[in-house]
Amino acid sequence: ETECDKETIVYLNEYKKLCEELLALPVLAGKKTEKEKFAGAKYTTTIEAFMPDGKALQCGTSHNLGQDFAKAFGISYLDASGEKKLPWQSSWGFSTRLIGAMAMTHSDDKGLILPPKIAPIQIVIVPIFKEETKIEVIKKANEIKSKLKEYSVELDDREGYTPGWKFNEWEL
């Protein structure tokens, strides 16, 4: 039972860490009430995120199922002394709802905004120059890009497109 309790909390804390450190999604971790817990579980823990409209959204759960499911489905194991025992079981998971929570938290009316740690491109440099300053500006833009090694940076130095067109394309 103690090991099952520990495992239930370990997964809940891993989900919290994933949300906060990777998805930039603040969540509250806690225990569901008896009426809200997973049917048949001993108890259910959850992470909940608050959406911009003030509503809470359950983003992941971790359950201590106790031994009732093992009894109901005839699941057992032999312990070190060869005695038949019922296992304590846990169940945990999150779903695509977590992706929705991230989108609702970070995006706006113009579209999807990804948190920095999962964005495939974090910074776009669009150099603006006159023909006589082109070489100097592109050189400086490359210098800046090389200093930003810890980020995913795109230098858009394509010819044939205006800076305004590039800004629009990158925003889309």
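Some points to look at:
- Environment charge of Lys140, counting only residues whose C-beta is closer than 12 Å and scoring Lys/Arg +1, Asp/Glu -1: +1
- The local environment of Cys19, defined by Cβ-Cβ distances under 12 Å, has a net charge of 0 under the rule Lys, Arg +1 and Asp, Glu -1.
- Between the residues Leu114, Ala24, Thr46, the greatest Cα displacement towards the positive end of the dipole of the chain, with unit charges on the Cβ of Lys, Arg, Asp and Glu, is found for Thr46.
- Taking amide H as placed 1.01 Å from N in the peptide plane, the amide H of Ser107 sits under 5 Å from that of Ile113, each at least 5 places away or on another chain.
- Student exercise, the chain dipole from Lys, Arg, Asp, Glu Cβ charges, in Debye to nearest 20: 280
- Residue with peak Gaussian network fluctuation, the chain [Cα springs, cutoff 10 Å], from Leu155, Leu65, Leu12: Leu155
- Local electrostatic count, Tyr77, Cβ distance below 14 Å [Lys/Arg +1, Asp/Glu -1]: 0
- For Leu25, the amide hydrogen comes within under 5 Å of the amide hydrogens of Glu20, counting only partners 5 or more places away or on other chains and with H modelled in the peptide plane.
- Using Cβ point charges alone (K and R +1, D and E -1), the dipole size of the stretch 80-124 about the Cα centre works out to roughly 200 debye.
- In the stretch 102-172 the Cα-Cα distances spread across 5 Å bins starting at 0 as 3, 15, 21, 20, 19, 11, 7, 3, 1, 0 percent of all pairs.
- Within the accessible surface of the chain, defined with a 1.4 Å probe on protein heavy atoms only, the carbon and sulfur portion equals 56 percent.
- Here the contact order of the chain, divided by its residue count and restricted to Cα pairs under 8 Å and six or more residues apart, works out to 17 percent.
- Relative contact order %, the stretch 115-172, counting alpha carbon pairs below 8 Å whose residues are six or more apart: 44
- Cα-centre dipole for the stretch 132-172 with unit charges at Cβ (Lys and Arg positive, Asp and Glu negative), debye to 20: 180
- Mean accessible surface per residue for the stretch 45-172, computed with a 1.4 Å probe while every protein chain stays in place, in Å²: 69
- Highest-MSF residue in the chain out of Ala41, Ala141, Ala80 [GNM, Cα springs under 10 Å]: Ala80
- Whole-Å distance, taken between Cα centres, linking the stretch 93-133 and the stretch 27-53: 29
- The 3J(HN,Hα) values that the Karplus relation (6.51, -1.76, 1.60; θ = phi - 60°) gives for the stretch 63-70 are, in residue order, 10, 9, 7, x, 10, 5, 5, 4 Hz. Gly and Pro appear as x.
- Estimated FRET transfer efficiency (Ala72, Thr96; beta-carbon r; R0 25 Å; 0.05): 0.30
- Per-q log10 I(q)/I(0), the chain, q = 0.14, 0.18 Å⁻¹ (Debye; single scatterer per alpha-carbon; no solvent): -0.85, -1.10
- Structure note, pairs Lys110/Lys147; Lys17/Lys85; Lys55/Lys110; Lys6/Lys35; Lys16/Lys145; Lys145/Lys166: Cα-Cα distances above 27 angstrom occur for Lys110/Lys147; Lys17/Lys85; Lys16/Lys145.
- Exposure ranking of Ile128, Ile144, Ile138 by accessible area [1.4 Å probe, largest first]: Ile128, Ile144, Ile138
The values are calculated or read from the model by the stated rules, or taken from the named source; none is laboratory data. In this text, all values refer to a predicted model and were calculated from it rather than measured experimentally. Neighbour counts are summed over all protein chains in view; Cβ atoms, including those assigned to glycine, are modelled from backbone coordinates with ideal geometry. Only protein heavy atoms, including side chains, enter the accessible area calculation; ligands, DNA and RNA are left aside. Shrake-Rupley method; radii C 1.70, N 1.55, O 1.52, S 1.80 Å.
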